[in-house]
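Structure first, commentary second.
Bear in mind that the values in this text are calculations on the coordinates, not laboratory data. Note that this is a predicted model, so its numbers are computed, not measured. Cβ atoms come from the backbone with ideal geometry, glycine included; neighbour counts cover every protein chain shown.
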């Protein structure tokens with residue numbers, strides 16, 4: 001470095017920034033404590049193995065647990081949670097305390113958005129999809145504050161997961177209960193319609209009543225056929241005015257009249273214009289609706305029971321693997337790494353600038 005300009009630029013752009021960084025890290029930088037905890041969100045429901053997982057032999061964690069892990073992460077980072085716990089823990093007051101160095105702390109006049117952005121930077125969350133473990137880290141200027149914030153975040157995350165799980169179970173059970181109630185109402189209506197029909201027709205079972213009437217007519221027709229055969233037989237050797245023939249003719253006439261009367265009942269049932277076939281048809285429709293309603297009720301009852309079992313199996317809960325701890329010493333700032341980073345960055349920028357200027361001078 002024989003050129004004075006090179007020496008001067010090196011001092012200004014490399015040595016001076018490194019010196020300032022060294023003074024800051026060694027004399028002014030405030031200690032920062034880091035508390036780390038690990039948790040996993042699990043549930044009673046077993047994870048299902050899809051085709052790709054089955055071929056690869058990797059099952060991974062359940063979809064519900066993964067989803068709830070990311071939901072819990074976003075909830076911890078959210079401004080809503082920050083507003084909730086700030087009054088209790090004095091988070092803004094802590095990070096805007098002027099006793100800490102100006103570079104690391106939050107400025108006193110920061111808006112809530114700036115406060116939320118600062119919160120996002122000091123809270124570290126990483127979710128491992130392979131193991132399902134989420135790592136939560138909190139950085140603060142005191143060990144107590146870092147520990148208290150970490151403990152509170154873990155508590156709030158657990159409450160949020162429980163609420164999500166409870167809401168899911170309630171929605172599932174509520175839907176199944178409504179379906180059962182609707183099916184029960186339809187069944188009650190179908191049974192009441194059958195009862196009203198029987199009451200109006202004054203028959204316990206119109207189907208059986210029609211079978212009985214058909215049986216009576218069939219028996220009368222059979223008896224009529226026998227009487228006519230007997231009459232034809234005796235008429236071949238007896239006179240028409242004999243008592244036997246007159247009795248058979250009288251019997252045949254009575255049978256025909258009774259058959260006609262029974263058949264007339266099919267057309268005029270209980271004094272109205274409804275035919276027996278229509279009556280039976282209407283009754284069968286009511287029985288069909290009743291049967292369908294019973295099957296729907298049984299199905300809804302089974303669905304409710306399945307929903308209850310599923311709700312028990314789908315319960316999600318947060319299990320702490322590594323609990324928060326009170327750190328005995330500050331982890332940040334990283335003095336040597338910080339100074340070295342500034343030196344290397346400044347030196348690299350100086351070299352690039354020097355090469356650019358040299359290339360320009362060569363072409364002039």
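For the reader, a short list of remarks on this structure follows.
- Per-residue packing, averaged as other Cβ atoms within 10 Å, sorts the ranges 30-40, 121-131 into the order 30-40, 121-131, beginning with the highest.
- With the highest mean first, a sort of the peptides 132-142, 12-22 on other beta-carbon atoms found within 10 angstrom per residue produces 132-142, 12-22.
- Label-to-label distance, nm, for residues given as residue 253 and residue 74 (7 Å Cα→Cβ offset): 9.6
- Note on residue 321 and residue 292: the model spin-label points, each 7 Å out from Cα along the C-beta direction, lie 5.5 nm apart.
- Förster radius 22 Å - calculated FRET efficiency between residue 26 and residue 108 (Cβ-Cβ, nearest 0.05): 0.30
- Remark: the residue 362-residue 348 segment gains 2.9 nm on full extension, using 0.36 nm per residue and subtracting the alpha carbon distance.
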